[in-house]
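Asker: Please find one structure pasted underneath; my questions will follow.
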Amino acid sequence: MTVDGEPTIDPLFAEVYGMAGDMGMMITVLSNGSRLHNPQILELLTMRRPYRITVSVYGATEESYDGLTRRRGSFRLFSRGLRAACEAGLPITLSLVITLSLVITQHNDHEVDAMRALADRHGVPFNEYSNISPTIHSGAETLPSQSVTLLRTRKPFTGCGAGHTHFHVDPHGKASICKVGRDPAVDLPAEGLDGLRHLGGIADGLMARTGGCSGCALSGSCFTCRPLARLYQEANAPLNRYCQHGGR
């Protein structure tokens, strides 16, 4: 189960996290790290370690980080949280408890080396993300922030376990196959946990080649899953952002 949308600010986070652990779920927490210094949160994650904690990094300095998040003090809170997590021994390399996601945009691409150095300084593994996607509602407003010179070539998409081995739940209890393919979703408060059984069928349906991808002769080497391609298409994004046709 993946938990994001800054789950640590939810007053029920500890309760839901504990319940998921009791059910034997492998939990991945996606966070901005702003509350990892909180004693209750830190104790919970230390005593009941998740499969992974992925912390987003939006810059290596206060100016670039706060400028991108548009929230003054966010870099300070991120730094405090990461430092507290490291001091508590959470980033154990062998089990990859903590990884960093370096989010690279036009706003901070001049600090890429410094962001890498920040991760190395804390002894935490990292991944780089420079391909900016549309919003989950197919909005294109995020696309201009892309650092075009640092576009990353994706590997061919060979399938994933979304909806079968893992799923996503939003703050309203809507369960979907992943954080990209959110529609249709299962209303967990109304259907209960048995509703999760529907996600496998939903996933299979969402992965079908439809719309602008139907009949594509290059589908075997496509490097974008269908739910993500749909967001790009609805946002009228340039073809080379999500389709191998764009480079031909």
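Asker: Just the residues that are farther than 25 Å from Arg230 by Cβ, more than 18 Å from the chain's Cα centre (by Cα) and in a loop (DSSP other than H, G, I, E, B), please, taken from region 107-142.
Answerer: Of everything in region 107-142, those that are farther than 25 Å from Arg230 by Cβ, more than 18 Å from the chain's Cα centre (by Cα) and in a loop (DSSP other than H, G, I, E, B) turn out to be His107, Asn108, Gly123.
Asker: Next question, about the same structure. Can you tell me which of (1) modelled with pLDDT under 95; (2) closer than 28 Å to Leu228 by Cβ; (3) crowded, with 17+ Cβ neighbours inside 10 Å is the one Leu82 doesn't meet?
Answerer: Failed condition: (2).
Residue-by-condition table, conditions (1) at pLDDT below 85; (2) of a type in the set (Val, Ile, Thr); (3) farther than 30 Å from Val16 by Cβ:
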site	(1), (2), (3)
Val97	yes, yes, no
Pro144	yes, no, yes
Thr153	yes, yes, yes
Gly159	yes, no, no
Thr165	no, yes, no
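Asker: Let me ask you something else. Can you find even one residue in region 201-213 that is assigned to a loop (DSSP other than H, G, I, E, B), at pLDDT 85 or above and either polar (S, T, N, Q) or touching a His at 6+ places or on another chain (Cβ under 7 Å) (or both)?
Answerer: No, the conditions are met nowhere in region 201-213.
Asker: I've got another one for you. Do we find a residue being in a helix (DSSP H, G or I), over 26 Å from Met26 (Cα atoms) and at pLDDT 80 or above anywhere in region 175-189? Lay out the reasoning, then the answer.
Answerer: Initially, region 175-189 is screened for residues in a helix (DSSP H, G or I), giving 188-189.
Within this subset, residues satisfying the condition of being over 26 Å from Met26 (Cα atoms) are none.
No, region 175-189 contains no residue that is in a helix (DSSP H, G or I), over 26 Å from Met26 (Cα atoms) and at pLDDT 80 or above.
Asker: Could you list, in sequence order, the residues of region 136-152 that are hydroxyl-bearing (Ser, Thr, Tyr) and either in contact with a Cys (Cβ under 7 Å, 6 or more places away or on another chain) or in contact (Cβ under 8 Å) with a residue 24 or more places away in the chain (or both)? Working first, answer last.
Answerer: Just the residues of region 136-152 that are hydroxyl-bearing (Ser, Thr, Tyr), to begin with: 138, 142, 145, 147, 149.
Once the filter is applied, which keeps residues that are hydroxyl-bearing (Ser, Thr, Tyr) and either in contact with a Cys (Cβ under 7 Å, 6 or more places away or on another chain) or in contact (Cβ under 8 Å) with a residue 24 or more places away in the chain (or both), region 136-152 yields Ser138, Ser145, Ser147, Thr149.
Asker: With without any contact (Cβ under 8 Å) to a residue 40 or more places away in the chain and out of contact with any strand residue (DSSP E or B) (no Cβ under 9 Å at 6 or more places or on another chain) as the only criterion, which of Arg35, Arg83, Arg48 stands out? Break it down into steps so the answer makes sense when it comes.
Answerer: On the way: Arg35 fails: without any contact (Cβ under 8 Å) to a residue 40 or more places away in the chain; Arg83 fails: without any contact (Cβ under 8 Å) to a residue 40 or more places away in the chain.
Only one candidate qualifies: Arg48.
Asker: Got a sec? Which of Val180, Val124 is more than 26 Å from Asn236 (Cβ to Cβ), in contact (Cβ under 8 Å) with a residue 12 or more places away in the chain and in contact with a helix residue (DSSP H, G or I) (Cβ under 8 Å, 6 or more places away or on another chain)?
Answerer: Values: Val180 fails: more than 26 Å from Asn236 (Cβ to Cβ).
When all the criteria are applied, what remains is Val124.
Asker: Among the listed residues Tyr65, Tyr17, Tyr58, Tyr51, which satisfies the condition of being surrounded by 14 or more Cβ atoms within 10 Å (Cβ to Cβ), over 30 Å from Leu150 (Cβ atoms) and of a type in the set (Phe, Trp, Tyr)? Steps first, please.
Answerer: Values: Tyr65 fails: over 30 Å from Leu150 (Cβ atoms); Tyr58 fails: over 30 Å from Leu150 (Cβ atoms); Tyr51 fails: over 30 Å from Leu150 (Cβ atoms).
The unique qualifying residue is Tyr17.
Asker: Would you mention how many residues in region 153-173 are farther than 30 Å from His110 by Cβ and touching a residue at least 24 places away in the same chain (Cβ under 8 Å)? Spell out the reasoning first.
Answerer: Initial filter on region 153-173 (farther than 30 Å from His110 by Cβ): 156-173.
Next, from what is left, pick out any that are touching a residue at least 24 places away in the same chain (Cβ under 8 Å): 156-157, 159-160, 162-164, 166-171.
Of the residues in region 153-173, 13 are farther than 30 Å from His110 by Cβ and touching a residue at least 24 places away in the same chain (Cβ under 8 Å).
The values are calculated or read from the model by the stated rules, or taken from the named source; none is laboratory data. All of these numbers come straight from a predicted model, not from anything done at the bench. Glycine gets a Cβ as well: all are built from the backbone with ideal geometry, and neighbour counts include every protein chain shown.
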